[in-house]
1. Please go through (1) among the aliphatic types (A, V, I, L, M); (2) farther than 30 Å from ALA69 by Cβ; (3) more than 16 Å from the ligand (Cβ to nearest atom) for LEU135 and return the number of the only condition it doesn't satisfy.
2. Within segment 149-158, which residues are open to solvent by less than 20 Å² (accessible area, probe 1.4 Å) and either assigned to a strand (DSSP E or B) or more than 9 Å from the ligand (Cβ to nearest atom) (or both)?
3. If a residue has to be assigned to a loop (DSSP other than H, G, I, E, B) and open to solvent by 50 Å² or more (accessible area, probe 1.4 Å) to count, how many in segment 159-193 make the cut?
4. Working only within segment 169-200, note down all residues that are touching a residue at least 24 places away in the same chain (Cβ under 8 Å), more than 18 Å from the chain's Cα centre (by Cα) and more than 16 Å from the ligand (Cβ to nearest atom).
5. Could you please find all residues in segment 117-136 being in a helix (DSSP H, G or I) and out of contact with any strand residue (DSSP E or B) (no Cβ under 9 Å at 6 or more places or on another chain)?
6. Quick one: how many residues across segment 87-128 are farther than 22 Å from GLU71 by Cβ, surrounded by 13 or more Cβ atoms within 10 Å (Cβ to Cβ) and in contact (Cβ under 8 Å) with a residue 24 or more places away in the chain?
Amino acid sequence: MRVNATGRVLHDPKGGSFRFDAGAVCLDFAYTGGEGQYAIFESLHEPADLAEWLAQPPLAAVMTAIVTARELTAAKALRQAIWDAAHARAAGRPLPARAVATINRAATVAPLIPELAADGTTAGWASPVRATQALSTLAREMIELLSGPLAERIRECASDNCPLVFVDTSRPGARRWCAMERCGNRHKLRALRARQAMDP
Ligand SMILES: [Zn+2]
């Protein structure tokens, strides 16, 4: 998994889309949908949707077994736990015990097992490749993120009403926006208008 290969295109149900790089595959996964007010962003409707998401890079875990409805339910529970934990950490709050338990439980399963190709220059995942293994890999990545040096870099977009949380993996650590094309440009435009309003 290459860190610089993270990020997905998010679609707004009201129209429009933008590329959002949450900085970690587990965080990208947290944006595949949600509960409550975020249910309109749901993209994992069927077990096959989960298989398709996991098969995309950087994880590129092409399932060798059909994803079950039970695995989809587990995936959504893990997704919510990752979201809750990331937002709690970004806000400086203690992590919800339920989220920690859900992440830990997902990590108890054997993760995806890397396998070097015969030519020795490329790698994939050893068969069988199951959804529970991929979820374990995501859960383990989240555990490393929360307990590692980048934990301090988990933050919410600096825009007032944007709930997107990311981990800033840039060297200077000065990332403020979920995406420049979304909140960054909006902020620049507002600052420009404010300046123009002040000028006689
Ligand atoms: Zn934002």
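The values are calculated or read from the model by the stated rules, or taken from the named source; none is laboratory data. Note that the structure is a prediction, hence the values are computed from the model and not measured. Ideal geometry is used to build each Cβ from the backbone, glycine not excepted, and the neighbour counts take in all protein chains shown. For accessibility, only protein heavy atoms count, side chains too; no ligands or nucleic acids. Shrake-Rupley method; radii C 1.70, N 1.55, O 1.52, S 1.80 Å.
1. In the conditions (1) among the aliphatic types (A, V, I, L, M); (2) farther than 30 Å from ALA69 by Cβ; (3) more than 16 Å from the ligand (Cβ to nearest atom), LEU135 misses (2) alone.
2. ALA151, ILE154
3. Total satisfying the criteria: 8.
4. Result: no residue meets the conditions.
5. Within segment 117-136, ALA131, THR132, LEU135, SER136 meet the criteria.
6. 4
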